[in-house]
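Report on the structure given below.
The values are calculated or read from the model by the stated rules, or taken from the named source; none is laboratory data. Here the structure is a predicted model, which means the values were calculated and not measured. In this analysis, Cβ positions are derived from the backbone assuming ideal geometry, glycine residues included, and neighbour counts consider all displayed protein chains. The accessibility values were calculated without ligands, DNA or RNA, using every heavy atom of the protein model including side chains. Shrake-Rupley method; radii C 1.70, N 1.55, O 1.52, S 1.80 Å.
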Amino acid sequence: MNKSYIALCGGVGGSKLADGLARILPPDRLTIVVNTADDFDHLGLRICPDLDTVTYMLSDLAHPQRGWGRADETWACMEVTKQLGGDSWFQLGDRDLALHLYRTQRIKEGASLSAITSEICRRFGVEHSLVPMCEEVVNTIIDTEIGELSFQDYFVRHQCAITAHRVRYEGLGRAKPSAAFEAALSSPQLAGIIIAPSNPILSIGPIVGLAGVREAIAERRIPVAAVSPLIGGKAVKGPADKLLAELGYEAGNGGLLAYYGGLIDGVIIDSRDEVIGANPGNLTVSGDILMKDAQDRIRVAQLCIDLLSRLT
Ligand code: FO1
């Protein structure tokens, strides 16, 4: 029986590992489950940043440095939006806009986010199964020193510079895993779950907080391996280190393990970091986890599969 795997992903770090996994596993052995709690409505359009970041990466359209959006982008629409005094703090490129227009129209026609995502993937040549974590709308809210902020307000408009006190996922209590996520979780072929080096609180928290996900993993004793988003105690991209500290977790991988406590069986940390001392119930392996190109992404993906085989 061919073993299958689930990858849980946010945007930038998630898309890199998803790409590495997609290069070493055929489509019938990998389900990539993507966070949708930072999706929002902007300029009248439905934007799903993490789904789009992973889609662009897997279809080889991603901007190599920026981490979001497309490489072959132009910005005419944003320039005119600015000229009109419209909202321009969230940059939407011309080609990227076509995707949001398409998605928004399909939502208005009554299509589900899963169906729309698979239409987009098919047309962009993505063969692997890329699925939203759920169909329902879930909104990450950050309670900060200046009050309550919606996710993109905190992340993009304020560049995460505001101190956070609490993170909430509005609507998560009413949401269920998407049908494809549910099917992958209950597949007899499922041999392991890989948590990408995404922000544990902002990207992975909502996915594992969906009804029944933790229970399904525990009941079936599916091994779970996480790749640390930290190198040298600092997030490779984004505010993971800052946010963990602000929410009271210890610095570095110790804080990451405390956050994932009880969920994971193994963790891959960078060889530049010290192996975590007391780490009961977890296997820690170290390697070069910085992903700058496709070869790096394949290497980290292989580390995940190897660790999961040791945890089985
Ligand atoms: N991130 C930014 O820092 N600034 C932007 O203007 C921006 C625009 C943007 C447009 C489409 C998209 O899919 C993503 C975009 N992102 C932008 C990234 C994104 O908002 C965040 O990185 C994720 O939500 C966090 O995973």
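Before moving on, here are some points about what is shown:
- Charge-dipole axis of the chain as Lys and Arg at +1 and Asp and Glu at -1 on Cβ define it, positive-most pick from Ser112, Gly232, Thr144: Ser112
- Note on the chain: with a GNM built from Cα contacts shorter than 10 Å, the maximum mean-square fluctuation among Thr163, Thr140, Thr55 falls on Thr163.
- For the residue pairs Lys82/Lys234; Lys242/Lys292; Lys3/Lys237, alpha carbon separations beyond 26 Å are given by Lys82/Lys234; Lys3/Lys237.
- Model label sites at Asp293 and Arg168, defined 7 Å from Cα along the beta-carbon direction, differ in position by 4.7 nm.
- Counting only alpha carbon atoms, the long axis of helix 294-311 and the longest principal axis of the chain meet at about 40°.
- Rolling a 1.4 Å probe across all protein chains gives Phe124 an accessible area of roughly 70 Å².
- Straight-line cross-link partners of Lys108 among the lysines, defined as a Cα under 26 Å from its Cα and at least 8 positions apart when in the same chain: Lys176.
- Coordinate range of the alpha-carbon atoms in the chain per principal axis, descending: 57, 45, 39 Å.
- Each Cα pair under 8 Å and six or more residues apart adds its sequence gap; the mean of these over the residue count of the chain is a relative contact order of 20 percent.
- Value at 222 nm in deg cm²/dmol, rounded to 500, when DSSP H runs of n ≥ 4 in the chain each add -39,500 (n - 2.57): -10000 deg cm²/dmol
- Space enclosed by the convex hull of the alpha-carbon atoms of the stretch 114-230, per residue, Å³: 137
- Top of Pro132, Pro239, Pro197 by mean-square fluctuation, Gaussian network on the chain, Cα under 10 Å: Pro239
- Taking the DSSP beta bridges with both ends in the chain, the antiparallel portion is around 40 percent.
- The stretch 174-312: antiparallel DSSP beta bridges as a percent of all, rounded to 5: 15
- Unit charges on C-beta of K, R, D, E only; dipole of the stretch 4-311, Debye: 400
- For Trp68, solvent-accessible area (1.4 Å; no DNA, RNA or ligand), Å²: 100
- Per-residue surface analysis assigns Val236 an accessible area of about 80 Å², computed on protein heavy atoms at 1.4 Å probe radius.
- Compactness relative to 2.2 N^0.38 Å, alpha carbon Rg of the stretch 1-149: 1.09
- Acute angle (nearest 10 degrees) that the helix 113-123 long axis makes with the longest principal axis of the chain, alpha-carbon atoms: 80
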